[in-house]
Amino acid sequence: MKTFNYSVKNSIKNSNIDFEKFKNEKNILIQIFCGQGKENLKKTVLTLLKELPQAVLIGTTTDGEIKDKKITTSNTIISISIFENTLIKKYYVENQDSFDTGFTLAKELITPNTKLLILFTDGTTTNGENFLKGIESFNNKIPICGGMAGDNGEFTQTFICSQNKILKSGAVGVSLNSDSLKIHNDYRFNWSSIGIEHTIDKIEDNRVYSINGMSPIDFYSKYLGEDVALALPATGIEFPLIVEKDGIPTARALIAKHKDGSVSFAGNLKEGDKVKLGFGNAEMIMQNPIKSFDTLYNIKPQSFFLYSCMARRRYMPDLIQVEVEPFARIAPTSGFFTYAEFYHNGSKNLLLNQTLTVVALTEENTKIDKKVKKAEPEKKDAYARTIRALTHLIRQSTKDYDKQTTKLNEEKLYTHNLLAAQKQFLRHTIHETNTPLSTIMGNIELYEMEFGKNRYLSNIEVAMKNLFSIYDDLSYLIKKDQIIYANQRIDLTDYARSRIDFFSQVAINAKSKLIFESSKRVKYINFNETKLQRIIDNNLTNAIKYTFENEDIYILLYEEEGFYKLQFSSHSTLIQEPKKIFEEYYREEKLKEGFGLGLNLVKKICDEEGIKIDLESNSHFTTFTYYFKKENNENSAT
């Protein structure tokens, strides 16, 4: 096997191809890598088939071309391979479903001694992953290589060809069939993930509609900037989404932006996939690629075909030849920069992005010389070191971030479990507390009915009512997220009076008196009784706790413009921080008993139910006012 590579910048007629030396060859494979559009591709094809009509020819448009040690753009590379003991079959498919295209192509190309399939598809309409699954469904043992066509980053129209047939959609391929041909394939990824995980929310095959609750355009705008989002897909391909597939990090490059804000990727993703944004790890890209291909030393390649992602060239345009030169030092090397790469691993065909895929071919039995010098970019040492340093910084920072995130997640889980256990303990405690509290209160009432009141039992009763108020607060806090509290028709006047009666003895023991005044006997509201009790009880207990001795506490209820105003007013210490009084755990007087939870609970209920709160505090009186909406179509007696 021998391969000859030629560069055709302007016209093939002016090239230095010596067609005479190929005239008598039978097994000729020609690959055309054209970065000059459809017309140049067509002219090149016609000239080559005229000169070498016995040749099997496939071609593709590109986003860059590879010829030995050189990387070019907007150029045409012609790779002519001559085989001694290998037969070549060709076929093409157009205008079919991607899966069916792959199945049909495999069916027509694969023979009992097929060693390799070289495949090109269009780069904008074919679903590459489904195409490869179609091939795999027919035969999952044959190695594949190649990629999706490019159009210099325009993402508008790509072209492929088989002989003189130019296709704008579909696939072309050849099979290499031989008993002596040896194939080695491998790939390099070198893209690292960065930042937090994101979730694919909505997707159809390779078209994504939502990521983390955002449109893909908004997602890229948030993390890469508005300029990048506007330029998609051109710039976004350098920052793919990275997802774990079968334990292997796999990139998915963005190839199309749609008017509805959705985007298409070169490969499929699934709803619920966890992805991260990726960046090119220059530190790894610039390492000698030959050293990473351990099994390559088992053969001595006569040719290398490289199919590399466009993002690699665009990400490091001045340094990417470092990745190509080591191969060219061993054997003739050709290929192109793709919109996605095809790779075979075990029994699976994989659609890759951001990768360099390599195929080494030989019809000889000797092995490679391991002493391959590492290529270095000329006069770019300082720049290369800077790129390596920045990449290392990003990579190390990402590792540190991931380590901290793992630690925080562990602590978060521990805290969550601790809070859950605490909540469960409180739930059981509250449940078990209710019975003895009710028993004590019931026995106090029975004793008073039989023997009359006495001072000691009155003190116990006051303490018990305070305990009941705390118990009710805790019970509400524990149950509020598990129970739906339905509203009902409540007479606010009657209900307020009942709660005032309940706490009247508590006020008397605190040397105060509860005085209730209402402008109207019946006042109906549509409200939940449990929530209403928490509002009234907390205001009454706070008033009793903070009112000066021998001062009365006034509870006023009257009507005003569609509302009932419920006021709690008494002579107490001036509130210094009215804005903080409803905050959780805030207490103005530290010496007073309590947890600072009551008014915070009241505020939450009022916010939920749309109850307006007014607070006025001066040296004479402190007044809390609550505005309850009157029941609609109320027909109350006066």
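Things worth noting here:
- Rounded accessible area of VAL522 (nearest 10 Å², 1.4 Å probe): 10 Å²
- Segment 485-555: GluC sites (Glu not before Pro) falling in loop per DSSP and having at most 12 other Cβ within 10 Å: GLU549
- A crude spin-label estimate for the pair GLU244 and LYS21, with each label 7 Å from Cα along the Cβ direction, gives 5.2 nm.
- Segment 49-194: projected area of the alpha-carbon convex hull, averaged over directions, in nm²: 10.5 nm²
- Looking at segment 480-525, none of the chymotrypsin sites (Phe, Trp or Tyr not before Pro) sits in a DSSP loop with at most 13 other Cβ atoms within 10 Å of its own Cβ.
- Residues ARG313, ARG252, sorted by accessible area with the largest first, give ARG313, ARG252 [1.4 Å probe; ligands and nucleic acids excluded].
- Across the cross-link table entries LYS67/LYS274; LYS141/LYS165; LYS38/LYS276; LYS23/LYS115, which are compared at the Cα atoms, the separations over 32 Å belong to LYS67/LYS274; LYS38/LYS276.
- Charge sum, other residues only, whose C-beta stays under 12 Å from LYS453's C-beta, Lys/Arg counted +1 and Asp/Glu -1: -3
- The simple spin-label model puts a point 7 Å past each Cα toward its Cβ; for GLU517 and ASN345 those points are separated by 8.2 nm.
The values are calculated or read from the model by the stated rules, or taken from the named source; none is laboratory data. Keep in mind that what you see is a predicted model, and the values were worked out from it rather than measured. Counting neighbours? That spans all protein chains shown, and the Cβs are built from the backbone with ideal geometry, glycine included. In case anyone asks, the SASA skips ligands and DNA or RNA and just uses the protein heavy atoms, side chains included. Shrake-Rupley method; radii C 1.70, N 1.55, O 1.52, S 1.80 Å.
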